[in-house]
């Protein structure tokens with residue numbers, strides 16, 4: 001596997017150029033290379049993105065379903081670093097989307113440590129006005145924002161800020177906050193970026209009648225579920241033992257619980 005896989009000439013050069021980064025933990029600097037599931041997911045996602053932004057594409061790149069603990073954030077960094085260099089993308093703008101401030105900050109910090117790989121400095125939208133200014137830039141850029149910044153101040157529909165097709169929205173925890181296309185934040189975001197393409201990263205996709213992650217983002221690009229992660233030693237097994245708690249209440253206390 002090592003000789004015929006990693007050291008195949010084209011693959012090895014691809015790994016060295018696009019799949020190596022450094023992480024800082026206190027005073028310790030760690031050099032990391034993508035695991036096999038990250039490598040294959042990123043290359044498949046890049047191909048799917050180029051197809052999605054084409055005139056024949058439907059702007060749904062797809063879903064990367066990688067279980068928790070599988071390095072999803074780093075996979076997103078590798079994907080961003082490779083897609084910004086693809087000639088078919090013509091200097092794209094990437095919008096990293098979350099639905100919580102803490103996730104936005106965590107993801108921004110991860111990307112900020114990989115500026116050499118990304119070939120640029122990411123920017124974090126501090127307000128709705130700042131976000132609009134960043135999205136009006138004619139090309140390029142890696143922008144971090146929460147979906148709440150697409151809230152309309154007056155309750156109406158938001159005007160388009162850019163009609164470029166080489167804008168890619170990368171949604172972290174894509175199973176959340178992405179289903180209200182009638183009058184919610186998801187619709188506002190698509191009104192603002194009418195020709196953008198969308199890719200979702202999640203460890204727990206949803207497939208229900210009224211909420212479906214693949215319906216919003218497209219087919220699964222890569223699946224690395226918990227079973228495979230356990231086999232690879234990337235995460236530990238989960239054991240669950242259901243129990244019923246025996247509770248005894250005095251008669252005079254029962255009305256206070258169930259009036």
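The values are calculated or read from the model by the stated rules, or taken from the named source; none is laboratory data. Keep in mind it's a predicted model, so treat the numbers as computed, not measured. Cβ sites come from the backbone with ideal geometry, for glycine too, and all protein chains shown count toward neighbours.
Name the residue, out of 245, 209, 186, that is free of Cβ contacts under 8 Å to residues at least 40 places away in the same chain, touching a helix residue (DSSP H, G or I) at 6+ places or on another chain (Cβ under 8 Å) and either in a helix (DSSP H, G or I) or more than 29 Å from residue 131 (Cβ to Cβ) (or both).
Criteria check complete, one pass: 186.
So, in the range 121-134, of the ones that are assigned to a loop (DSSP other than H, G, I, E, B) and surrounded by fewer than 16 Cβ atoms within 10 Å (Cβ to Cβ), which residue ends up modelled with the highest pLDDT?
Ranking the candidates gives 121 first.
Any idea which of (1) on the phi < 0 side of the Ramachandran plot; (2) crowded, with 19+ Cβ neighbours inside 10 Å is the one residue 62 doesn't satisfy?
All conditions are met except number (1).
Restricting the range 101-119 to residues that are touching a residue at least 12 places away in the same chain (Cβ under 8 Å), closer than 20 Å to residue 91 by Cβ and surrounded by 14 or more Cβ atoms within 10 Å (Cβ to Cβ), which is nearest to the chain's Cα centre (by Cα)?
So the residue we want is 111.
Among the residues of the range 99-120, which ones are part of a loop (DSSP other than H, G, I, E, B) and within 17 Å of residue 79 (Cα to Cα)?
113, 114, 119, 120
Are any residues in the range 15-33 in contact with a strand residue (DSSP E or B) (Cβ under 8 Å, 6 or more places away or on another chain) and buried (at least 19 other Cβ atoms within 10 Å of the Cβ), and if so, which ones?
19, 21
Find the residue count for the range 59-85, including only residues that are part of a loop (DSSP other than H, G, I, E, B), out of contact with any helix residue (DSSP H, G or I) (no Cβ under 6 Å at 6 or more places or on another chain) and at pLDDT 95 or above.
The number of residues fulfilling the criteria is 2.
Kindly provide the set of residues from the range 149-163 that are exposed (fewer than 15 other Cβ atoms within 10 Å of the Cβ) and in contact with a helix residue (DSSP H, G or I) (Cβ under 9 Å, 6 or more places away or on another chain), ordered by number.
Matches in the range 149-163: 151, 153, 157, 159, 160.
Which condition number does residue 187 fail, the rest of (1) under 22 Å from residue 45 (Cβ atoms); (2) surrounded by 15 or more Cβ atoms within 10 Å (Cβ to Cβ) being met?
(1)
Give the residues of the range 220-235 that are surrounded by fewer than 15 Cβ atoms within 10 Å (Cβ to Cβ) and either within 25 Å of residue 198 (Cβ to Cβ) or under 18 Å from the mean Cα position of the chain (by Cα) (or both), sorted by residue number.
Across the range 220-235, the qualifying residues are 223, 225.
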